[in-house]
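Input: a single structure, listed below in structure tokens.
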């Protein structure tokens, strides 16, 4: 067969590069005993390593998916290579010149498609790097210098420049023996009116490598104002470049990621450069797409799905950055590693931060990270008004599904308690039970909740919406019905005294606010009494003034009812100052208790958010109110 690789050369190539050297380019290997190594299988998802490598035999086998074979079989499977391409890859790595049965020594026309595309990219890297020193590339060098990158940094990351002409790279690669078809297929060129032209023109160029270190694509940054293209332009999808399956900087970072058990995900090429130069050598970035499933698989293989490892995301502090962080959080449970988030002061990205404050600031940014889970939880909670019972209830229903998705029961309980603190809900066990209920529905109901986005409550059993969560309701207006219920009895009694025996409650009653009456109609009557001059100004026309100020017949009827209903004081005589004092104290105590509950909830929220100074002021106010409540209980009306 034309182009068939010599069998002896195949054997030489297979033996020249140890299998563990090849496999470790794609996943982390650890001792498995008996001279073997193991790691997470790159061919299927698994939590425990079942992928074994025998260095002595030059073979691999996965006891999970049953894939196995030699070094060549591994490369063919992991990178979707043909047999010839796998041999050529290893031969290039080992520096072996291949012989072909018909045609002599490895001619370009007989090499595999992937190998040819890789070779074209290697040549392009050298070409672009050389062009960065040209006079035309002054704007590119200035761009790098303004961001703190010198020539040494550019060389370290192989940053280059694509000339502004139509076909400079295309002609260069044609001269190296590449066909127009190969250039278009590689994504380096594109079809023009008269043949292929350069895809990237007048741009700063970053080569993108796969996990094995092969250049598979480019990221290009716009430099000229007359460039109408996007700010960043990436290689299109090609046989060797799939943006959902590559991470910029992974070739430089993978060994330190495995060694430190930590990966730092940033948003751009310059951020990766800044982090590495600042000593954060585990930094990587996606290439023109959001962090997703394919990227997770790459990191999982390197991190070995160890719960002691960590993935840290850095995002700008603006709304777009927060949205990106929440999108990343959706994949949180796909990691065994902890996921964290680092947001720099002022929302600067690592590149800007390094430029403004130096390398140490970048390292401090990563060290100051917090759990991504907590960030997502707070982001959802902060969308609601926590000063109202309705807001706390809505926040609980939005945040509970997030906590319920935690698979670890102990961790779920801990965050349920923490959520109660963030919300300021005093009944912690209610929150715990609510989250447990949602988690149970998820397990048993096939994931109705899972169709909801993070922060959006789903349905309960039978398709019913979950019941809203009760919470403390300081200052909340009660229902207009059942005004004779025990909950409003004292308020009703005090208003009767204020209308029928104003002298008994004056002037203390006039200092009471409408918000001390929890039933809305009673609060309205309190306001009308104030509009009529208050109890201290009561005279023969006082009751008429109150009734005349009523906004409608319903309120006027209530005033009349309160004005004629007998007080509930014991005995047959008229109420006295002692009885009036008891009602005044009871209403004030209820208002103080409501305010105490409100402040305690606020203090707990501030504590949970780490706002110590603000929390201290609230706790101080709370202490003062509690002392006042104690005095009211001990001394009665004299403490008012």
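Tabulated values for the structure
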read-out: Degrees, to the nearest 10: 520-531 long Cα axis against longest axis of the chain; value: 60 degrees
read-out: Cα centroid separation - region 549-596 against region 33-53, whole Å; value: 77 Å
read-out: Viscosity 1.306 mPa s, temperature 10 °C, Stokes-Einstein D of the chain from Kirkwood C-alpha radius, µm²/s; value: 52 µm²/s
read-out: Largest-first ellipsoid semi-axes for region 206-314, taking √(5λ) over the Cα gyration tensor eigenvalues, angstrom; value: 25, 15, 11
read-out: Computed FRET value (nearest 0.05) for residue 180 with residue 101, which takes r as the C-beta separation and R₀ as 45 Å; value: 0.95
read-out: Potential lengthening between residue 639 and residue 151 on full extension [0.36 nm per residue; Cα-Cα distance subtracted]; value: 167.9 nm
read-out: Percent of Cα pairs exceeding the 14 Å cut-off, where the set is region 209-260; value: 59 percent
read-out: For region 204-270 and region 614-640, distance of Cα centres in Å; value: 61 Å
read-out: Overall dimensions of region 112-241 by Cα: Rg and Dmax, Å; value: 14.0, 42
read-out: Crossing angle, helix 553-564 versus the chain [Cα axis fit, 0-90 degrees, rounded to tens]; value: 50 degrees
read-out: Measure of compaction for region 1-157 (Cα Rg per 2.2 N^0.38 Å); value: 1.34
read-out: Sorted peptide list for 383-389, 26-32, 264-270, 253-259, criterion being average Cβ within 10 angstrom, highest first; value: 264-270, 253-259, 26-32, 383-389
read-out: Cα-projected label distance for residue 617 with residue 592, points at 7 Å along beta-carbon direction, nm; value: 2.4 nm
read-out: Volume in Å³ per residue [convex hull over Cα atoms, computed for region 512-569]; value: 101 Å³
read-out: Using alpha-carbon coordinates, inclination of helix 113-131 to the longest axis of the chain, degrees; value: 80 degrees
read-out: Computed over region 578-630, Kirkwood Rh from alpha-carbon pairs, angstrom; value: 11.9 Å
read-out: Rg ratio (alpha-carbon, reference 2.2 N^0.38 Å) - region 538-587; value: 1.37
read-out: Using a Förster distance of 30 Å, the FRET efficiency for residue 430-residue 514 (Cβ separation, nearest 0.05); value: 0.50
read-out: Compactness of region 383-450 - radius of gyration and Dmax, Cα, Å; value: 11.6, 35
read-out: Highest average packing first - 527-539, 236-248, Cβ atoms within 10 Å; value: 236-248, 527-539
read-out: More than 12 Å apart - percent of Cα-Cα pairs taken over region 387-426; value: 56 percent
read-out: Antiparallel content of DSSP bridges confined to the chain, in %, to 5; value: 75 percent
read-out: MRE, 222 nm, helices only [DSSP H, n ≥ 4, -39500 (n - 2.57), over the chain, to nearest 500]; value: -14500 deg cm²/dmol
read-out: Separation in nanometres of the label points that stand 7 Å from Cα toward Cβ, at residue 171 and residue 139; value: 2.1 nm
read-out: Relative counts (whole %) of C-alpha pair distances in region 173-215, using bins that are 10 Å wide; value: 24, 47, 27, 2
read-out: Förster radius 25 Å - calculated FRET efficiency between residue 437 and residue 414, Cβ distance, rounded to 0.05; value: 0.90
read-out: Burial ordering of 280, 490, fewest other beta-carbon atoms within 10 Å first; value: 490, 280
read-out: Rg(Cα)/(2.2 N^0.38 Å) for region 484-640, N = residue count; value: 1.18
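Every number in this text was worked out from the coordinates using simple rules, so none of it is lab data. These figures come from a predicted structure and were not determined experimentally. Glycine also receives a Cβ, built like all others from the backbone with ideal geometry; neighbour counts cover every protein chain displayed.
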